[in-house]
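The values are calculated or read from the model by the stated rules, or taken from the named source; none is laboratory data. Since this is a predicted model, take the numbers as computed values, not measurements. When we count neighbours, we look across all protein chains shown, and the Cβ atoms used for this are built from the backbone with ideal geometry, even at glycine. SASA here: full protein model, heavy atoms, side chains in, ligands and nucleic acids out. Shrake-Rupley method; radii C 1.70, N 1.55, O 1.52, S 1.80 Å.
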Amino acid sequence: MADVRTRFAPSPTGYLHLGGLRTALYTYLFARKNNGVFILRIEDTDQEREVPGAVELIYQSMREAGLTYDEGPDVGGAYGPYIQTQRRDLYLPYALQLIETGAAYPCFCTKEELQERRDAATARGEQFKYDKHCLHIPRDEAKRRMQSGEPFVIRQNVPATGVAGFEDALFGHVEVACETLDDNVLIKADGLPTYNFANVVDDHLMAITHVMRGTEYLSSTPKYNLLYEAFGWQAPIYVHLPVVMKDATRKLSKRYGDPSFEDLLAQGFVKEAILNFIALLGWCPKEEREFFTLPELVEAFDLDGLSKSPAIFNMEKLVWFNSEYIKKMDFETYLRTATPWFEQALAGRGVDYRRLAELMHGRTEVFNRVPDMVRFLAELPEYEVELFTHKKMKTDLAVALTALTLARPALAALPTFDEEPLKECLMALAESSGLKTGQMMWPVRVALSGLASTPGGATEIAYLLGKEESLRRIDLALQKLSA
RNA sequence: GGCUCCGUGGUCAAGUGGUUAAGACACCGCCCUUUCACGGCGGCUACAGGGGUUCGAAUCCCCUCGGAGUCACCA
């Protein structure tokens, strides 16, 4: 087989969504695994859908994901340009060549006429299909009209009978009857090619050997193969990837507010976790294993681990992956990453972020959840006195009152609020007063935090709060309990 | 609706004619414990349904049902 050349060919319509990211990932992995070439090509032939700045967004996402490409608009290569609108003039000659051989023909029907006929057909309950009306215009007349400046498109001349098919590396042989196929437009009135045509011409010109793309193209691929045959070109090997779903019936789509790769990064997901999770959504490694770095994915990737059915994007599992990756993060990286999130809730409070980070490191699932978890340090939340009652800790209001009454002067007498002395003090106090550890610690922690659960125990929180604020909060609790 | 494709627990999934049908997330329980997490141990839940083929089907065939994709001068 020739050297493997693959491509990721997104349209610049906004952020890179997760389905696109997965396609890019698999394509990249396949290329790298086979020591092949990975290419980025921008398919921007639809000028109406083009979103300004989207191309740069794609470069950025690819870079952030670590999916480096060997050829592309911003890195160059021997098969450029890699942006289709910059290739606009090279498609027409190929279409003209097809007209010569009868595999295509110019069509002068206007969009409006077509739409009327389409509407009429649906009104009758029929499915519209172009009737090859313009195919029957005499060759000379057609040529004259094309040269006269009359708007026209070029359509593929699909045989009326017979079958068209192709071999998919994942789905096997796929075949359709030609009569169910429409004569699609190859070159639009604006002179730009449609996807149907551009992808065939470009994949051939760029010597692409393997095409990986979503299954939305599965049913139209036989038509593309007809084009390859008409040109006498060798078609690439196709690998169609099942779509990524949001739930059982809807696919993941940015239009419906589902997160893009960039969104997830902004929310505090780490890119390694996203990639790892995405890789396993529709692909399964040979070995029993679920943690992979990008290089490890390259090593492990193989086509027959791919699944044929759509996979539902399971946010909970992504969150789990993320928390695992955060735990594996070295501490300094965690501290650096978490600090801006601490700032959101604690700016100017003088909290010891390093100590807080130690406590939070093993409990952080997604960074955007951090501010809510630490906000109690800045401001004591409103809480009900019933919070002091905890069955497992064997505490009730009376126990809490006793514990806090004892703790208050003992803590006030402490010269510093370091954790060790704090702990020794409270433990000793519990023991000497006949209280269980929990009966002392629970009330103190609740008084300090106003929360049923916190990222740390009573002594850690007392340290973070400092002596003054801690005593203030205990006094408040004492008031509550005495009322 | 036509065409194409898919169908193992709630989710991701292993499985390619003979298995007690893995594993992970989630969930539940227990242990650990100054809360909550973490961690450890254990548990619940699946071959869409019906026909075949076969000594034997999650695995092969057919039908039904369910779901998805696609039917543009969008990609």
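Annotations for the structure displayed:
- Among residues of region A:403-414 that are within 15 Å of A:Q439 (Cα to Cα), those with a beta-carbon under 8 Å from a residue that is part of a helix (DSSP H, G or I) and polar (S, T, N, Q) at least six positions away or on a different chain give the pairs A:A403/A:Q439.
- The residue of region A:214-234 that is surrounded by the fewest Cβ atoms within 10 Å (Cβ to Cβ), among those that are within 19 Å of A:R41 (Cβ to Cβ) and within 7 Å of RNA strand B (Cβ to nearest atom), is A:E216.
- For first residues located in region A:323-335 and open to solvent by less than 50 Å² (accessible area, probe 1.4 Å), partners that are away from RNA strand B (no atom under 13 Å from the Cβ) and of a type in the set (S, T, Y) and lie 6+ apart or on another chain with Cβ distances below 9 Å form the pairs A:I326/A:Y334; A:I326/A:T337; A:M329/A:T337; A:L335/A:Y353.
- Taking first residues from region A:4-32 that are closer than 13 Å to A:L281 by Cβ and at pLDDT 95 or above and partners that are of a type in the set (D, E, K, R) and within 12 Å of RNA strand B (Cβ to nearest atom), the Cβ contacts under 8 Å between residues at least 6 apart in sequence or on separate chains come to A:T23/A:R213.
- Evaluation of A:S309 against (1) closer than 27 Å to A:H240 by Cβ; (2) part of a helix (DSSP H, G or I); (3) open to solvent by less than 70 Å² (accessible area, probe 1.4 Å) (one fails), failing number: (2)
- Of all residues in region A:86-142, those satisfying the criterion of being under 30 Å from A:P73 (Cα atoms) and surrounded by 11 or more Cβ atoms within 10 Å (Cβ to Cβ) are A:Q86, A:R87, A:R88, A:L90, A:Y91, A:L92, A:Y94, A:A95, A:L96, A:Q97, A:L98.
- Residue-level check: of (1) hydrophobic (A, V, I, L, M, F, W, C); (2) open to solvent by less than 10 Å² (accessible area, probe 1.4 Å); (3) within 16 Å of RNA strand B (Cβ to nearest atom), A:F261 misses just (3).
- Failed condition for A:A78, given (1) in contact with a Phe, Trp or Tyr (Cβ under 9 Å, 6 or more places away or on another chain); (2) within 30 Å of A:L29 (Cα to Cα); (3) open to solvent by 70 Å² or more (accessible area, probe 1.4 Å): (1)
- Selection of region A:336-350 for residues being modelled with pLDDT under 95 and open to solvent by less than 70 Å² (accessible area, probe 1.4 Å) yields only A:A347.
- Qualifying residue in region A:204-213 (condition: within 13 Å of RNA strand B (Cβ to nearest atom), polar (S, T, N, Q) and either open to solvent by less than 20 Å² (accessible area, probe 1.4 Å) or under 29 Å from A:A65 (Cα atoms) (or both)): no
- Screening A:T293 with (1) within 30 Å of A:A160 (Cβ to Cβ); (2) modelled with pLDDT of 95 or more; (3) open to solvent by 40 Å² or more (accessible area, probe 1.4 Å); (4) of a type in the set (S, T, Y) gives one miss only, at (1).
- So A:K436, is it within 13 Å of RNA strand B (Cβ to nearest atom), within 26 Å of A:D372 (Cβ to Cβ) and open to solvent by 50 Å² or more (accessible area, probe 1.4 Å): no
- For region A:312-322, a residue qualifies if it is part of a helix (DSSP H, G or I), open to solvent by 20 Å² or more (accessible area, probe 1.4 Å) and under 22 Å from A:V243 (Cα atoms), and the qualifying residues are A:M315, A:E316, A:K317.
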